[in-house]
Amino acid sequence: MVELETRELEYFIAVADELHFGRAAVRLSIAQPALSKAIRRIEGRLGVPLFVRSSRQVSLTPAGEALREHGRHALNAVSAAVRNARRADDTQADLRLVLKPGGDGGLLSGILAGYAHQPGARRVDILFSGPADRTDFLRDGRADVGLLYAPFDDLDGLAHETLHTERRVAIVPPGHRLAGQDSVRMSDLEGESLPRWKGVPGGDGTGPEVADVVQLVDMIKVGRMIGVLPRSLIEPMQVGVVCVPVIDAPPSRLVLAWNEHDRRPLVASFVAAALEAKPREADMA
């Protein structure tokens, strides 16, 4: 069986992310010739080319695409195993919850209050993520549980429970052509400039890049773009923008997620508290 060392996978992932040997070498703090040699050694061991190299650019082959996807999961699994092993005997370890700023749907305070009454409840450390890396926190062991939005966040490899389902709204400036509508359809948004979320590859937005909802709202206020978000992410309502329900957009689910292999009582008790504190949809409405 062909095997790669963890360090070799890290070298490959760096080049696959940067698509530039020089930048990858700086990121890894090694010399570029050493990195190039290591990648050639990996390709020789696997018996397939991983990159197409030219004088102008570096791109991934189909084999490289496959190794990037599965190799990243493998590195995350190793990191998670190391972190969990170090925490396994720590009976006083805090529970770490990751979420995006404002991304709790108004449920966090109730969940924390319910968890505080669980036997053996620990202190909860709140970790704030970027637009799209909450799943990485869970897969590599930096966080124990997370509040995610489906289908936006990839739940592959994660156990999860839905806490709330909600519709999405189009966020537009007051003078926009859709601002006076009671509701719109996705087809009504064709031709509009939508955001490019920082750190989210493959997005189809054509507007400016934004890192969070605050930046998005600022760009909408000055007429640079519009946005489509779950309603809870824009509440309380911001001054200077208008929300219009998008009646045929797929619903968004706020979910509590954790690594599917993590069966520690620490996590199970928090999940139980969250489900007990979960509001009825009629109450949310």
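The values are calculated or read from the model by the stated rules, or taken from the named source; none is laboratory data. From a predicted model like this one, the values you see are computed outputs, not experimental measurements. Please note: Cβ atoms are built from the backbone with ideal geometry, for glycine as well, and neighbour counts cover all protein chains shown.
Among the residues of region 235-255, how many are touching a residue at least 12 places away in the same chain (Cβ under 8 Å) and surrounded by fewer than 19 Cβ atoms within 10 Å (Cβ to Cβ)? Please lay out each step first, then the result.
As a first pass, look at region 235-255 and keep what is touching a residue at least 12 places away in the same chain (Cβ under 8 Å): 235, 238, 240-255.
Narrowing the set further to residues that are surrounded by fewer than 19 Cβ atoms within 10 Å (Cβ to Cβ) leaves 235, 238, 240, 243, 245, 247-251.
Qualifying residue count, region 235-255: 10.
What residue, of Gly223, Gly191, Gly207, is at positive phi and either part of a strand (DSSP E or B) or touching a Pro at 6+ places or on another chain (Cβ under 9 Å) (or both)?
Only one candidate passes the filter, namely Gly223.
Give the residue, chosen from Arg72, Arg45, that is touching a residue at least 40 places away in the same chain (Cβ under 8 Å) and over 25 Å from Asp133 (Cβ atoms). Reasoning before the result, please.
Working: Arg72 fails: over 25 Å from Asp133 (Cβ atoms).
Exactly one of Arg72, Arg45 is touching a residue at least 40 places away in the same chain (Cβ under 8 Å) and over 25 Å from Asp133 (Cβ atoms), namely Arg45.
Hey, among Ala273, Ala277, Ala257, Ala249, which residue is in contact with a helix residue (DSSP H, G or I) (Cβ under 7 Å, 6 or more places away or on another chain) and modelled with pLDDT of 95 or more? Before the answer, list the steps.
Details: Ala273 fails: modelled with pLDDT of 95 or more; Ala277 fails: modelled with pLDDT of 95 or more; Ala249 fails: modelled with pLDDT of 95 or more.
Result of the check over Ala273, Ala277, Ala257, Ala249: Ala257.
Suppose we filter Leu46, Leu28 for residues that are touching a Leu at 6+ places or on another chain (Cβ under 9 Å) and surrounded by 16 or more Cβ atoms within 10 Å (Cβ to Cβ); which single one remains?
Details: Leu46 fails: surrounded by 16 or more Cβ atoms within 10 Å (Cβ to Cβ).
The conditions single out Leu28.
Output the residue which, of all residues in region 16-52 that are of a type in the set (Asp, Glu) and out of contact with any helix residue (DSSP H, G or I) (no Cβ under 7 Å at 6 or more places or on another chain), is farthest from Ala63 (Cα to Cα). If you could, list the steps in order and put the result at the bottom.
Here is the first cut: in region 16-52, the ones of a type in the set (Asp, Glu) are 17-18, 43.
Narrowing further to those that are out of contact with any helix residue (DSSP H, G or I) (no Cβ under 7 Å at 6 or more places or on another chain): 17, 43.
On the way: Asp17: 15, Glu43: 10 Å.
By that ranking, first place goes to Asp17.
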